[in-house]
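Peer 1: My questions all concern the structure below.
The values are calculated or read from the model by the stated rules, or taken from the named source; none is laboratory data. As the structure is a computational prediction, the values presented were derived from the model and not from experiment. Please note: Cβ atoms are built from the backbone with ideal geometry, for glycine as well, and neighbour counts cover all protein chains shown. For the accessible areas, the whole protein counts, side chains as well, though only heavy atoms, and no ligand, DNA or RNA atoms are used. Shrake-Rupley method; radii C 1.70, N 1.55, O 1.52, S 1.80 Å.
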Amino acid sequence: MKHLLEVKNLKVSFDTYAGEVQAVRGVSFHLDQGETLAIVGESGCGKSVSIQTVMRIVPMPPARIKEGSILYNGEELADKSDAEMEQYRGNEMAMIFQDSMTSLNPTMRVGKQLMEGILKHQKTGRDEARRRVLAMLKEVGIPDPESAFRRYPHTMSGGQRQRVMIAMALCCGPKILFADEPTTALDVTMQAQILDLIGRLQRQYDMGVVLITHDLGVVAKMADRINVMYAGRIVESGTSRQIFYHPSHPYTLGLLGAMPNLIQERKEELYNIPGAPPDLFAPPPGCAFAGRCRYCMGVCRRADAPEFTTEDGHISRCWLLDERGKKYRPEGFGGRTAEKGGSDDE
């Protein structure tokens, strides 16, 4: 089956004075038209670098693609030059960044910034570009588009600026929208409005959406499939139902355990994942999560787990899914139960 976007074994490093930072270490995923894929994980795990590499907006150097393939509609993007990528950025794929205040130019009026993308990527005159910008500002729910067209970003609220960012991303009609923490700086009410807006526009334009976030509540609302990322690798991948109801990696269990449950009557202390992520200057042998995992076995420190498939399309990289680790699986792990952790001798 041909996917809209397919990333295979992507490895990205940063060359620094202190040495090589292995930011992305063999990431593979795909996205289909009209689908929402969420990539979750803590800060520094490589989520944003992976997506910025797909769009080729990560600075090279110091970054470099060591290995891997990036296929868009079957066409390889990994070896294209910056000039060749210009026809893809904006036209075929676009991005909403985390902080709208720093992503927008404070010295330019909003309308001029939005017109720039249309004039650069598509053959159209200024009058047509202006008409399309006003229509898009109205589409994303900006009151009085004519007035907003002439305003500077700092005169707008956070929610309005985020809507402007969405309008900027969609002005050229991309097939893929990358949303990097699109609701981080917004209050809860505005977060819900922005998510509803992205969902409505996705259905309207039949876009594929890649959502990068820490917020599992956002993921539950938006995502069709979820990739859980840790230390530069995807450690678990599956549908939203598989990830939330049948987690098959201890890191995923930790993330879900740290999520408040407002429905449950019994009040329990939220789980805290001990320790800190590994240093990607020198990633440890074996599983990168082993030092923080309460179910760690000896093999976890020696060899990285292969991909195990627990259900249709549900993939996890954990030795507990090996037949020999069956008796050490925690309660609720992949829908199966166990009573104790593993021994370092196994």
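Peer 1: Please go through the range 205-232 and give me each residue that is assigned to a helix (DSSP H, G or I) and within 21 Å of residue 176 (Cβ to Cβ), ordered by number.
Peer 2: Initial filter on the range 205-232 (assigned to a helix (DSSP H, G or I)): 205, 216-222.
Hits for the range 205-232 are 205, 218, 219, 221, 222.
Peer 1: Go through the range 103-116 and report how many residues are within 20 Å of the chain's Cα centre (by Cα) and open to solvent by 70 Å² or more (accessible area, probe 1.4 Å).
Peer 2: Residues that pass the stated criteria total 0.
Peer 1: Can you tell me which residue among 57, 39, 51 is of a type in the set (Val, Ile, Thr) and in a loop (DSSP other than H, G, I, E, B)?
Peer 2: 57
Peer 1: Scan the range 158-204 residue by residue and report those that are farther than 23 Å from residue 93 by Cβ, in a loop (DSSP other than H, G, I, E, B) and either at pLDDT 85 or above or open to solvent by 60 Å² or more (accessible area, probe 1.4 Å) (or both).
Peer 2: Correct list: 185, 187.
Peer 1: Follow-up. Take the residues of the range 1-23 that are surrounded by fewer than 15 Cβ atoms within 10 Å (Cβ to Cβ) and assigned to a strand (DSSP E or B): which is nearest to the chain's Cα centre (by Cα)?
Peer 2: Going through the range 1-23, the residues surrounded by fewer than 15 Cβ atoms within 10 Å (Cβ to Cβ) turn out to be 1-2, 9, 15-19.
Retained after the next criterion (residues that are assigned to a strand (DSSP E or B)): 9, 15-16, 19.
Values: 9: 16, 15: 23, 16: 25, 19: 26 Å.
Applying the filter and picking the extreme gives 9.
Peer 1: Going through the range 227-251 one residue at a time, which ones are closer than 15 Å to residue 45 by Cα, open to solvent by less than 10 Å² (accessible area, probe 1.4 Å) and not small (Gly, Ala, Ser)?
Peer 2: 227, 228, 229, 230, 236, 251
Peer 1: Turning to a different aspect of this structure: Please go through the range 309-331 and pick out each residue that is part of a strand (DSSP E or B) and open to solvent by less than 40 Å² (accessible area, probe 1.4 Å). Give the derivation first.
Peer 2: Step one: of the range 309-331, the residues part of a strand (DSSP E or B) are 309-311, 314-316.
Selection gives 310, 314, 316.
Yes/no per residue for (1) among the acidic types (Asp, Glu); (2) over 16 Å from residue 186 (Cα atoms); (3) in contact (Cβ under 8 Å) with a residue 60 or more places away in the chain:
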| position | (1), (2), (3) |
| --- | --- |
| 130 | no, yes, no |
| 138 | no, yes, no |
| 145 | no, yes, no |
| 149 | no, yes, no |
| 157 | no, no, no |
| 161 | no, no, yes |
| 165 | no, no, yes |
| 169 | no, yes, yes |
| 173 | no, yes, yes |
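Peer 1: Scan the range 68-80 residue by residue and report those that are surrounded by fewer than 14 Cβ atoms within 10 Å (Cβ to Cβ) and farther than 15 Å from residue 2 by Cβ.
Peer 2: The answer is 79, and nothing else.
Peer 1: Hey, among 34, 26, which residue is small (Gly, Ala, Ser) and outside any strand (DSSP E or B)?
Peer 2: Unique residue meeting the criteria: 34.
Peer 1: Next up: Tally time: how many residues in the range 206-249 are of a type in the set (Lys, Arg) and free of Cβ contacts under 8 Å to residues at least 40 places away in the same chain?
Peer 2: Matching residues across the range 206-249 total 2.
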